[in-house]
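Everything on this sheet refers to the single structure shown next.
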Amino acid sequence: MAAEIGALTPDEARAERRELRRRRRTALLLVAPLLAFVLFAFFAPIANMLYRSAYNPTLAELIPETLEQLSQWGDAALPSTETYASMAVELKKLSADRKAGVLAAAVNQAYPGASSLINSSARRMRNLEEGIAPDQAADALRQADGRWNEPDLWRAIERSGQLYTLTHYLTALDLERNQQGDIVPRESARIYVQLYSRTLGMALAITLMCVTLGYPLAYYLCRAPKRMAGMLMILVLLPFWTSLLARTTAWIALLQPHGIVNSVLLSLGIIRQPLELLYTGLATVIVMTHILLPFMILPLYSVMRGIDPAYARAAQSLGSTPWSAFWRVFLPLSMPGLSAGALLVFIISIGYYIIPALVGGTDGQMISNIIAFHMQRSNNWGLAAALGTLLLIVIVILYWVYDRLVGARNLRLA
């Protein structure tokens, strides 16, 4: 194009360049709605999640004056009298606004026992007179509970009052800071690392089952007559045309203690009492395999359909067995579809929510269910954002490993 423009007259070259710029602007305007949608629906929520995972404004909004005084504490044994007075006055205000419990819950995460301390002290500060001298307000707080004279309590309040903190990430990794500020394993409620391990294990099991079931079916679809392949493809696509809730409800009817599966096994004499199939990790794996199987079959089928059967016949004509021809010729050629399907199924399953919530029970819960719990019930958005961020990091790391081992350029979905 540059050579052609160089061969034109100056006026023609300028006109050609203006036309190219016009076309580029037109193309940009055409894709602008899509870019805006991606920015609004994808990047903005991720950025908000990353921000919430480290942003902790609770104490800064509840006791700003006390935190301002604590920032000037230094190396003294205890905070200043002004710090005590500020805390007493702000506890009185929080008690009147019925927000002392919020402060108590926030500080209790860093200093066990602070919940009862702050709540009881806030009730006693209700009778604090307006315009009281700082010395008298400080004495009133000290007399309310002797624990206000413990430096560790004030250090915990100071740490909890940091506007940006890694506390939520430490909790998500089953870690915490002790009263000295060192990072140590949590003494109780070590559940999140176990949930991440369970989520990865279940996602891997679902992916392996989809590969085991989907690869032979995709291979048969490529070799079957067109009419038979069309009918089978309809059956593969049928789940996309059926409500997810309806399919999950059908599996509940199949797997429940008095469902079809247990009834058939009991009638055949294979078992003597119903098996506990529902509300287990096995139920989650089975149902999610059924739901995600088309995501494995379709990339495999699209790649296998483009493999010329003459390659395998040529290998057999050169002395290779059918199995050897499949293993050395057909399987490597189908790897782009296999890797694409496996990656697609794994990433979808690792963040699935509805099926583990309906059929998983306690043993089949995944990390997505805990994230939803903290967002909807406990209202701990910071911890939910930290858990989601760590899940995103895990997926990015796995994708990077996939790119190093297989290569993202070999990824083919169609």
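The values are calculated or read from the model by the stated rules, or taken from the named source; none is laboratory data. A quick note: this is a predicted structure, and the numbers were derived from the prediction, not measured. When we count neighbours, we look across all protein chains shown, and the Cβ atoms used for this are built from the backbone with ideal geometry, even at glycine.
Of all residues in the stretch 272-282, how many are surrounded by 13 or more Cβ atoms within 10 Å (Cβ to Cβ) and either outside the structural domain of residue 361 (by TED's automatic domain parsing) or over 34 Å from the mean Cα position of the chain (by Cα) (or both)?
So the count comes out to 1.
Residue-wise test of (1) outside any helix (DSSP H, G or I); (2) closer than 26 Å to residue 380 by Cα.
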residue	(1), (2)
74	yes, no
82	no, no
106	no, yes
124	no, no
130	yes, no
143	no, no
148	no, no
152	no, yes
170	no, yes
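Taking the stretch 90-101 as the search range and keeping residues that are in a helix (DSSP H, G or I) and more than 17 Å from residue 117 (Cβ to Cβ), which one is modelled with the highest pLDDT?
93
Looking at the stretch 378-397, is at least one residue in a helix (DSSP H, G or I), assigned by TED's automatic domain parsing to the domain that holds residue 299 and among the aromatic types (Phe, Trp, Tyr)?
Yes, that holds for at least one residue.
Of the residues that sit in the stretch 331-348 and are hydrophobic (A, V, I, L, M, F, W, C) and without any contact (Cβ under 8 Å) to a residue 40 or more places away in the chain, which one is nearest to residue 201 (Cα to Cα)?
Applying the filter and picking the extreme gives 331.
Could you please let me know if residue 190 is surrounded by fewer than 20 Cβ atoms within 10 Å (Cβ to Cβ), basic (Lys, Arg) and within 21 Å of the chain's Cα centre (by Cα)?
Judged against the criteria, residue 190 is a match.
Taking into account only those residues within the stretch 290-329 that are farther than 19 Å from residue 221 by Cβ and basic (Lys, Arg), which is modelled with the highest pLDDT?
328
Could you tell me which residue of the stretch 357-408 is modelled with the lowest pLDDT, considering only residues that are among the β-branched types (Val, Ile, Thr) and within 20 Å of residue 191 (Cβ to Cβ)?
Only one residue tops the list, namely 362.
Residue under question is residue 143, and the condition is that it be exposed (fewer than 12 other Cβ atoms within 10 Å of the Cβ) and closer than 30 Å to residue 280 by Cβ; does it hold?
Spelling it out, it is not the case that residue 143 is exposed (fewer than 12 other Cβ atoms within 10 Å of the Cβ) and closer than 30 Å to residue 280 by Cβ.
Please specify each residue of the stretch 103-121 satisfying the condition of being buried (at least 16 other Cβ atoms within 10 Å of the Cβ) and touching a residue at least 24 places away in the same chain (Cβ under 8 Å).
Scanning the stretch 103-121 gives 103, 106, 107, 109, 110, 111, 114, 117, 118, 121.
For residues that are among the polar types (S, T, N, Q) and more than 21 Å from residue 292 (Cα to Cα), tally how many sit in the stretch 352-394.
Count: 6.
Evaluate the following for residue 242: is it closer than 16 Å to residue 292 by Cβ and touching a helix residue (DSSP H, G or I) at 6+ places or on another chain (Cβ under 8 Å)?
So residue 242 fails the test.
Are any of the residues in the stretch 330-345 more than 22 Å from residue 393 (Cβ to Cβ) and outside any helix (DSSP H, G or I)?
no
On the basis of being modelled with pLDDT of 85 or more, out of contact with any helix residue (DSSP H, G or I) (no Cβ under 7 Å at 6 or more places or on another chain) and surrounded by 15 or more Cβ atoms within 10 Å (Cβ to Cβ), does residue 152 make the cut?
no
Return the total of residues in the stretch 58-95 being in contact (Cβ under 8 Å) with a residue 40 or more places away in the chain, small (Gly, Ala, Ser) and surrounded by 21 or more Cβ atoms within 10 Å (Cβ to Cβ).
Residues in the stretch 58-95 being in contact (Cβ under 8 Å) with a residue 40 or more places away in the chain, small (Gly, Ala, Ser) and surrounded by 21 or more Cβ atoms within 10 Å (Cβ to Cβ): 2 in total.
Looking at 351, 361, 319, can you tell me which residue is on the phi > 0 side of the Ramachandran plot, surrounded by fewer than 20 Cβ atoms within 10 Å (Cβ to Cβ) and touching a residue at least 40 places away in the same chain (Cβ under 8 Å)?
None of the other options fit; the residue is 361.
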